[in-house]
Amino acid sequence: MNSTISSDLTLRQRLDAASMGSLQWRAIALCFLINAIDGIDVLVMAFTASAVVKDWELTNVTLGWLLSAGIIGMTVGSVFLTPLSDRWGRRPLVLGSLFAAGAFMVATEWAQGPWTLGMLRFLTGVGIGCSIVNANVLTSEYANARWRALAIGLQSVGFALGATLGGMMAAYLLKNSVWQNVFVWGGVLTWIAALLIAVGLPESLDQLLQGRKKNDMERAQHLLQRMGHGHFSVQESITPATKPSALQALQLLWAPDALRTWLLGGSFFALMFSFYFVTSWTPKLLEQAGLSADKGLAGGVLLHVGGMLGALALGLLASRWQLQRVAQSLMVLGVFALCAVIPATSWSLPAAVALGIAIGFLINGSIAGLYATAPQSFAATQRSSGVGIVLAFARLGGMASPVVAGHLLEAEWSVSSLYWLYAGALLVAAVFLQFFLKSQRSELKATVCQS
């Protein structure tokens with residue numbers, strides 16, 4: 001197949017058209033592992049929330065800030081740390097971020113109060129924010145055109161799988177030991193994953209093609225040989241090197257085509273505003289709605305079971321229909337599912353379980369669609385920076401979500417009203433995505449007319 005690919009195509013176009021080798025699938029699998037570990041690290045606070053509140057007698061507002069602390073750190077990592085990946089390499093930043101995140105998770109063993117725990121959650125989030133962005137970018141770069149949507153969908157499956165396993169681990173440890181051990185074990189697993197990634201994850205080919213170091217071209221050619229594409233030459237694909245920084249990343253927000261960045265970022269913000277409410281507060285709110293603590297925690301886990309199925313389904317459906325349209329449809333269906341979740345707890349437990357799985361399916365499928373869209377929206381020289389910016393919008397939505405819920409609960413909002421509010425956020429995400437697609441079509445038409 002590879003020998004029939006036209007020599008007039010660019011290297012990236014050739015790789016998109018060629019079949020994938022074992023090294024590419026290994027890179028995608030290790031990025032899957034990164035997302036699985038991040039799923040544990042991000043949501044460990046949600047699974048231990050009831051135990052922490054009981055131990056330290058916290059208010060809903062304080063809990064909301066603790067739930068948001070890691071997401072605030074992810075925002076900082078996405079905006080200020082990720083741009084360094086475009087300069088120093090994606091692999092070194094991933095490894096450093098994972099080792100640091102593991103250390104801050106383990107350090108939770110010695111947290112003496114909510115403010116110390118909040119700072120450790122923030123620092124853990126900085127590492128997670130950087131590693132998630134780079135895992136998403138590496139997946140997009142190593143997958144060919146045929147498998148890219150599915151590969152990126154699998155990354156969301158990884159996050160949901162990690163969250164599911166993290167919830168199961170938390171349920172076991174909370175019955176047999178103190179809640180701090182859930183964080184410690186999460187940190188140890190993060191370190192183990194970092195060691196596996198250090199052994200097997202290759203550097204970004206697109207990164208090497210920028211030629212920042214004198215031996216990058218040789219490394220790129222060697223990497224192509226390991227991928228089974230040694231007959232492709234890298235010499236015609238050298239990309240002028242730039243020196244990315246957080247300031248240059250932020251400049252994407254007022255560049256000539258910044259509108260599309262804002263629209264995609266707005267969709268991410270609203271979607272994650274809904275997602276982090278559902279994932280952070282559902283175990284506790286289900287308990288408040290009348291279920292036992294064990295069933296509330298089980299409900300949170302089942303959300304992520306549905307999430308795994310939704311992210312996988314997105315990748316499969318995107319091979320037949322437009323990726324963004326599939327994601328948009330899932331968002332709209334998610335609106336109806338969120339509106340029904342609390343009434344379902346009074347119908348029957350099986351109905352609540354089924355609806356919980358459906359919500360995870362719909363929201364995580366939507367997230368997988370936006371994650372697959374983001375890397376394709378920026379050039380290679382700005383890819384980590386651009387993805388970092390739109391994911392910073394996502395983190396801002398996630399950061400605000402638990403805090404807003406905590407304040408509204410203190411203001412005596414009903415649980416049902418909260419779910420209605422966050423269902424509205426899903427609808428807003430679908431509207432922003434519609435305007436993004438319209439802007440994308442307008443830009444494409446303008447390009448065709450100029451040519």
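The values are calculated or read from the model by the stated rules, or taken from the named source; none is laboratory data. Keep in mind that what you see is a predicted model, and the values were worked out from it rather than measured. Glycine gets a Cβ as well: all are built from the backbone with ideal geometry, and neighbour counts include every protein chain shown. With ligands, DNA and RNA removed, areas are computed over all heavy atoms of the protein, side chains included. Shrake-Rupley method; radii C 1.70, N 1.55, O 1.52, S 1.80 Å.
Please give the FRET efficiency for residue 177 paired with residue 17, using the beta carbon to beta carbon distance and R0 = 45 Å, rounded to the nearest 0.05. Given R0 = 45 Å and the Cβ-Cβ separation, E is 0.25.
Computed over the stretch 96-217, relative contact order equals 36 percent, with contacts defined as Cα pairs under 8 Å that lie 6+ residues apart.
Using alpha carbons only, how many angstrom separate the centre of the stretch 154-170 from the centre of the stretch 27-89? Rounded to whole Å, the Cα centres lie 13 Å apart. Among 435, 273, the sequence by solvent-accessible area, most first, with a 1.4 Å probe is 435, 273. Residue separation of residue 410 and residue 212 scaled by 0.36 nm, minus their Cα-Cα distance, works out to 66.0 nm of gained length. Accessible area per residue for the stretch 48-132 is 37 Å², calculated with a 1.4 Å probe on protein heavy atoms, without ligands, DNA or RNA.
Apolar share of the accessible surface for the stretch 102-157: 70 percent from carbon plus sulfur atoms, 1.4 Å probe. Subtracting the Cα-Cα distance of residue 112 and residue 59 from 0.36 nm times their residue separation leaves 17.4 nm of extension gain. Averaging the sequence gap over all C-alpha pairs within less than 8 Å and six or more residues apart, then dividing by the number of residues, gives the stretch 6-156 a relative contact order of 38 percent.
Here the gap between residue 195 and residue 29, fully extended at 0.36 nm per residue and compared with their Cα-Cα distance, gives a gain of 58.3 nm. In terms of its alpha-carbon gyration tensor, the stretch 111-207 comes out prolate; a/c meets the 1.5 threshold, and the first ratio a/b outweighs b/c.
Label-point separation (nm) for residue 320 and residue 332, each offset 7 Å from Cα along Cα-to-Cβ? Taking the two extended label points, one gets 1.8 nm. Rolling a 1.4 angstrom probe over the stretch 176-234 with all protein chains present gives an accessible area of which 62% lies on carbon and sulfur atoms.
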